[in-house]
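Let me begin by presenting the structure, written as structure tokens, before commenting on it.
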Amino acid sequence: MGELSRLIKMKRLEGQSVLVTGANSGIGESIAKAFAAEGAQVVVNYVANEPEAERVVRKIREKEGVAIALSADISKEDHVKAMFEKMYEEFGTVDILVNNAGIQRDAPFVEMKLEDWQRVMDVNLTGSFLCAREAAREFIRRGVLKNRSISAGKIIFISSVHEIIPWSRHCNYASSKGGITLLMKSIAQELAPLKIRVNSIAPGAIKTPINKSAWSTRETEANLLKLIPWNRVGDPQDIATVAVWLASDESDYVQGTTIFVDGGMTLYPGFATGG
Ligand code: BGC
């Protein structure tokens, strides 16, 4: 086999350990499966609904992949620490963190309850901070393992188009995603000298349980498509393929940036016919 075909056949994340938060459904599930298919050993994190997490683990194992399910509420520091400890017991270390878990608690601004504001911030922003801090500590302790990756570790935030698109009746969610932008960039700047890569993916409308009401009927889907120049609602796989690339050494020079995977949702589609 020639060198090129050997490289092409090589799995891109062989031997690396990855933790995907909120991996029991939607985008997280798809990323967990895609990473396992590229040779990574995967922690499928979940907070509730263990059977769904076990289903994802089973699916990965059916394809000869390696995965375990670990529960943790990522908004709680002790849960996060315990989850990482368990991961080190099982897989030795962490090479890649995908901060995917996220929730919505939608309400008009003046009706929004403090607890709805707080919970969204706790999970989407503080949870991402806690997991990223834990992973970065391990990356720094371990350093680069040359036979595994050029980097000491990779952190990928799953943000949203709403890190830049304001969203009426979703101010808690949009604020949490806006916060992720500068969390991601600040730590990308700080950790780059330590060979730790940090980036975000900002999905647009992707068919997952979080936004089912926006695409599950013909009428709502048609409405949603008005916001998407590419004229289709995204699939979790659209995000997973980018996540694999962003976690692999192929993207080694990509640092501190957000890749929008949104079918053009951030292109001000209203201006296509006017303005
Ligand atoms: C939200 C979805 C929404 C999409 C596009 C995502 O971040 O979670 O509910 O459909 O952004 O607006």
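No value in this document is a laboratory result; all are computed from the given coordinates. None of these values were measured; they are calculated from a predicted model. No Cβ is skipped: glycine too gets one built from the backbone with ideal geometry, and neighbour counts run over all protein chains shown.
Here is how the numbers come out for the structure above:
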item: Qualifying aspartates and glutamates (Cα of each under 12 Å from Cα of residue 63; at least 8 residues distant if same chain); result: 38
item: Surface/4 estimate of mean projected area, convex hull on alpha-carbon atoms of segment 203-275, nm²; result: 6.2 nm²
item: Fewest-first ranking of 157, 84, using other Cβ atoms within 10 Å as the exposure measure; result: 84, 157
item: Members of 33/81; 81/146; 11/177 lying beyond 29 Å, as alpha-carbon distances in this model show; result: 11/177
item: Semi-axis lengths, Å, segment 115-198, gyration tensor of Cα atoms, sqrt of 5 times eigenvalues; result: 29, 13, 9
item: Residues in segment 201-234 reached by a label modelled at residue 164 [backbone nitrogen below 15 Å; 7 Å Cα→Cβ]; result: 201-205, 229
item: Full-stretch length increase - residue 216, residue 76 - with 0.36 nm per residue and alpha-carbon distance subtracted; result: 47.1 nm
item: Flagged links, alpha-carbon separation over 30 Å, of 76/226; 76/113; 76/212; result: 76/226
item: Dmax and Rg, reported as Rg then Dmax, of segment 20-172 (C-alpha, Å); result: 16.2, 54
item: Whole-angstrom Cα spans of segment 118-264 along principal axes, big to small; result: 52, 33, 21
item: Gap separating the Cα centres of segment 122-156 and segment 29-82, nearest whole Å; result: 17 Å
item: At R0 = 22 Å, FRET efficiency that the Cβ-Cβ distance of residue 85 and residue 114 yields, to 0.05; result: 0.10
item: Average silhouette area of the chain, convex hull of alpha-carbon atoms, in square nanometres; result: 16.4 nm²
item: The chain: relative contact order as a whole-number percent, Cα under 8 Å and 6+ apart; result: 18 percent
item: Max mean-square fluctuation residue, GNM over the chain, Cα-Cα springs under 10 Å, options 18, 42, 244; result: 244
item: FRET E, pair residue 61, residue 255, Förster distance 41 Å, beta-carbon r, rounded to 0.05; result: 0.75
item: Max mean-square fluctuation residue, GNM over the chain, Cα-Cα springs under 10 Å, options 59, 207, 33; result: 59
item: Gaussian network model of the chain, springs between alpha carbon atoms under 10 Å - residue of 221, 111, 163 with greatest fluctuation; result: 111
item: Surface/4 estimate of mean projected area, convex hull on alpha-carbon atoms of segment 8-65, nm²; result: 3.7 nm²
